[in-house]
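> Below is a structure I'd like to ask you about.
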Amino acid sequence: MFRFWPLWVLLLGGLLIWGMQRPDPKLLDSVLVGRQAPTFSLPVMEPFRAEFGPELGVHENLDKPVVLNIWASWCLPCRVEAPILERFHRLYGDRVLILGVNVQDTSANALAFVREFRLTFPSVYDKRGRIGIEYGFHGVPETFIIDRNGTILVRHAGEISAEQLQGYIRRVLQ
Amino acid sequence: MTPGMLGGVTIVAALIFSLLGLALAVLAHVLRDARYLEAAKRLSGLALLSALVSYGALQWAILINDFSVSFVAQSSSADNPLWVKLVTPWSALEGSILLWASIQAFYGWLVTLRVGKSLDIWRAPAVLGTLFAVQVFFFAVILFVSNPFEVVLSPPLDGQGTNPLLQNHWMMAVHPVLMYLGFVGLSVPFAYAVSAMINKRYQSWIHETRWWTLVTWGFLTAGIWTGKWWSYEILGWGGYWAWDPVENASLIPWLFATAFLHTAQVQERKGLFKTWNFALITLAFAGTVFGTFLTRSGVIMSVHAFASGPVGAWFLIFLLSVLVLGLGLLARVSSEIREAGEVQWKSREGVLLGGALLFTTFSFVVVIGTLWPLVVEAISGAEVSIGAPFFDQISMPFAITMLLLMGIGPLLPWRNSGPQIVRNLVIMLVALVSATVLGLLAGLTLGVSFTVGLFAYNVTAIWLMISQGVRERSRSLGISAGQAFAQLFATNRRRFGSHIVHFGIALAALSIAFSMTYRVVEQRTLNVGDTWNVHGMEIRLLSIGGRQEPNRFVALAPIEVRSTSRDGWGSDGHFQTRLNFYPQMDTPLATPVVRYSLYNDYYFVLMQFDTENRQWATLKIIVTPLVLWLWVAGFIVALGTLYILWPVGSRVSRREATPVAGD
């Protein structure tokens with residue numbers, strides 16, 4: 001048995017390497033890509049009610065591409081993304097709806113987050129985790145790019161960079 | 001200078017000092033020049049100093065709520081009480097590896113103090129080199145993949161908070177540190193073994209290595225035991241061992257180290273089992289890396305898993321390197337190693353070898369059981385889980401054989417057994433059988449009765465050994481039995497210490513058998529003011545209330561308990577059952593109230609309550625007999641280990657050096 005020790009070490013190593021190669025749920029393509037985005041309507045956060053009304057969401061007659069960003073005030077990558085999303089909202093706000101969905105959070109913390117980054121793109125509260133069920137997101141942040149016809153083009157899990165967002169927006173505006 | 005900068009700079013310094021130390025140790029080994037060895041010793045001190053400063057910087061950042069440091073932003077909160085802030089470094093991945101590396105540097109430095117004394121200058125370079133290499137690995141992991149001191153460009157006003165499960169109990173301050181002291185400590189015996197194989201000195205390493213292994217074994221045992229206690233106190237299911245992959249991972253190095261502690265004695269006295277000892281120490285250290293890999297790679301799901309990341313691949317490379325180095329060296333030298341004789345089964349070394357085989361087999365069973373779901377998935381794609389039933393069943397015969405060997409082993413003389421041993425064995429078997437029969441007559445199950453029998457058998461064995469030693473000594477020196485006992489106890493630390501440890505293990509087995517067989521779980525929803533008669537207790541729900549604490553909201557449901565029959569003995573009192581709500585967590589954490597008693601433990605958990613009108617609450621009670629004795633047993637094992645290790649004065653040690661009757 002001992003004479004074959006390199007074989008045992010190789011077998012163990014192979015098994016563990018294989019174990020680590022198994023797909024991370026974060027990196028799996030969403031089954032929703034290429035399909036119609038689930039529609040929803042959720043209460044708008046207080047600072048945006050005057051401009052966007054009491055409820056907002058994804059629905060058939062929106063006639064605008066949507067960047068759906070799922071965030072929480074306690075998530076560090078969300079803090080990196082917030083200024084980027086805000087910048088794109090100021091640039092493309094008239095042609096693309098950038099919509100934040102606040103999940104797993106308290107209203108007070110979420111409002112403080114909006115104030116801290118002086119966000120002007122609208123966000124909605126998802127207290128009951130509806131988005132989680134319908135869009136099947138794995139963690140925060142996560143971003144869905146939905147084209148003018150309501151089809152999901154991309155699911156981006158994790159932090160999004162300015163270059164990536166630029167690329168996605170260019171695609172939906174073509 | 002900010003804490004983040006200080007921490008970052010000192011991590012780089014620690015890595016550089018460790019790399020230089022490694023280079024110098026290699027030079028000292030190749031050139032056989034003691035000046036390089038001296039320099040390597042100094043670098044070990046500098047690396048330790050840098051690691052401590054870096055650790056201090058992390059602690060400092062946590063204390064002053066510096067959320068520009070990534071670790072603090074991710075794993076701490078301004079509202080945390082002081083004690084939580086003090087234990088926060090090891091509540092998440094990056095900080096835990098920094099603590100690990102600091103302890104590694106500390107052990108490395110301790111070993112340098114032995115150079116020129118018990119560690120001769122021929123073996124020292126390879127020992128220090130191995131330890132420096134391990135240290136380089138940890139500091140490199142911190143610097144390149146898991147740095148707690150990353151800069152957060154727009155720092156949040158408050159951090160994400162500490163994992164609620166870990167701030168729910170003070171045991172968080174104890175269990176992980178003991179585990180790390182045990183895990184990291186096994187690198188020292190490994191380094192001694194590597195050096196012995198490189199320098200082809202197969203005998204001189206064993207004495208000091210046994211000492212180091214016993215120290216880390218003590219920490220590991222204490223770590224495993226406090227882990228059991230923690231899970232018992234906090235997880236709300238009333239159990240203490242779930243065969244979770246990470247619990248298994250802590251058991252694997254423990255089993256190998258236990259086997260080594262026994263076979264090392266045989267090598268010390270008889271020069272046998274040299275190959276075994278090299279293999280066991282390599283596997284014990286590889287076991288610690290394997291456990292660390294499992295918790296940090298995301299390969300296997302577990303309650304202990306840290307967030308996974310690229311660290312896993314690094315630990316896998318490290319694990320394979322340890323196995324290749326240890327087993328490769330052993331394969332190279334195994335043909336040269338000459339055993340000093342044959343093993344006879346009816347002798348102490350025979351039983352010790354049997355014990356080592358048993359521990360090794362069981363460790364491999366645990367390894368295979370832990371990895372089996374992965375193997376099945378690799379071959380067939382099916383997802384299976386192997387849980388407690390499999391391990392409970394497989395560990396039973398192992399435990400019984402171990403308890404049987406534990407009784408006989410120390411009683412047998414070295415080499416071959418004589419006729420007096422037969423008499424002792426008969427007495428022990430009589431104890432085994434009569435205690436088992438008494439248990440059955442008292443209405444206990446067969447398994448529990450047999451465990452009672454095994455306990456009696458082991459206690460009889462210890463009593464026989466002590467009484468025979470005392471009788472011989474008092475007769476030969478003409479002193480009273482009391483004096484003889486006191487002298488033997490003071491001079492024969494190894495032997496008496498091992499008696500104490502073995503007694504602790506037998507007591508633990510007894511407690512496990514009772515607590516697993518006769519556990520009672522009941523649940524009931526009560527209105528405020530209602531009483532519930534259950535298992536010899538009358539439980540009254542007094543009220544439902546709540547209070548805000550800095551880091552959590554606490555819902556309280558005080559109850560009054562009165563015992564009404566023998567089943568409920570010792571349960572009387574007022575208890576505050578509670579649920580803790582942490583802002584980071586959707587579901588509340590139950591904090592059980594445990595009423596300890598020498599007979600039953602009573603465990604009260606608030607499961608649910610009426611949040612609107614505060615009219616009702618759902619309570620769970622768990623009654624577990626004799627489980628308190630498991631913690632007592634752990635304490636006894638720790639005491640026995642300490643007794644063996646306690647530094648002896650020169651007067652006593654000289655006496656210890658002369659062989660004593662019965663040893």
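What follows is calculated from the coordinates using simple rules that are stated; it is not laboratory data. None of these values were measured; they are calculated from a predicted model. We place every Cβ from the backbone using ideal geometry, glycine too, and count neighbours over all the protein chains shown.
> Each residue of region B:491-501 in turn: what ³J(HN,Hα) in whole Hz from Karplus with 6.51, -1.76, 1.60 and θ = phi - 60°, glycine and Pro shown as x?
Per-residue couplings from phi come out as 9, 10, 4, 4, 5, 5, x, 5, 4, 4, 4 Hz.
> Check A:Phe121: other-chain or 5+ apart residues with amide H under 5 Å from its amide H, H built from backbone geometry?
So A:Phe121 has HN proximity to no qualifying residue.
> Can you work out ³J(HN,Hα) from phi for every residue in region B:366-375, in order, using Karplus 6.51 cos²θ - 1.76 cosθ + 1.60 and θ = phi - 60°, giving whole Hz and x for Gly and Pro?
Those phi angles translate into 5, 4, 5, x, 6, 8, 3, x, 5, 4 Hz.
> If each residue's Cβ is checked for other Cβ atoms within 10 Å, how do B:Trp345, B:Trp230 rank with the fewest at the top?
Fewest to most other Cβ atoms nearby, the residues stand as B:Trp345, B:Trp230.
> A further question follows. Which of A:Lys127/B:Lys85; B:Lys85/B:Lys620; B:Lys41/B:Lys274; B:Lys274/B:Lys346; B:Lys200/B:Lys274; B:Lys200/B:Lys270 have a Cα-Cα distance over 22 Å?
Too far apart for the 22 Å limit: A:Lys127/B:Lys85; B:Lys85/B:Lys620; B:Lys41/B:Lys274.
> Determine the dipole magnitude for the protein assembly as shown: charges of +1 sit on the beta-carbon of Lys and Arg, -1 on that of Asp and Glu, nothing else is charged, the reference point is the Cα centre, and the result goes in debye to the nearest 20.
The calculated dipole for the protein assembly as shown is roughly 3100 debye.
> Based on the alpha-carbon gyration tensor of region B:316-409 and its eigenvalue square roots a ≥ b ≥ c, which shape applies: rounded if a/c is under 1.5, prolate if not and a/b is larger than b/c, or oblate?
oblate
> Rounded, prolate or oblate: pick one for region B:361-460, where a ≥ b ≥ c are the square roots of the eigenvalues of its C-alpha gyration tensor, a/c under 1.5 means rounded, and failing that, prolate if a/b is larger than b/c, else oblate.
Oblate is the answer for region B:361-460, as a/c is 1.5 or above yet b/c matches or exceeds a/b.
> Which one, B:Gly536, B:Leu526, B:Ala508, is farthest towards the positive end of the dipole of region B:495-552 when Lys and Arg carry +1 and Asp and Glu -1 on their Cβ?
It is B:Ala508.
> Let me check I've understood the local charge: for B:Thr112, count other residues with C-beta under 12 angstrom from its C-beta, Lys and Arg +1, Asp and Glu -1. What total comes out?
+3
> What shape does chain B take by its C-alpha gyration tensor, where a ≥ b ≥ c are the square roots of the eigenvalues and a/c under 1.5 counts as rounded, a/b above b/c as prolate, and the rest as oblate?
Oblate is the answer for chain B, as a/c is 1.5 or above yet b/c matches or exceeds a/b.
> Can you work out ³J(HN,Hα) from phi for every residue in region B:558-573, in order, using Karplus 6.51 cos²θ - 1.76 cosθ + 1.60 and θ = phi - 60°, giving whole Hz and x for Gly and Pro?
Those phi angles translate into x, 10, 10, 10, 10, 8, 10, 8, 4, 4, x, 3, x, 8, 4, x Hz.
> With 10 angstrom as the radius, rank B:Val188, B:Val136, B:Val26 by how many other C-beta atoms surround their C-beta, starting from the fewest.
The fewest-first ordering by Cβ neighbours comes to B:Val26, B:Val136, B:Val188.
> Non-local amide H neighbours of B:Gly159 (under 5 Å, H modeled in plane, Pro and chain starts lacking H): which ones?
Answer set, sorted by chain and number: B:Ala78.
> OK, next. Which whole-number percentage describes the relative contact order of region B:513-621, with Cα contacts under 8 Å and a sequence gap of 6 or more?
After rounding, I find 24 percent.
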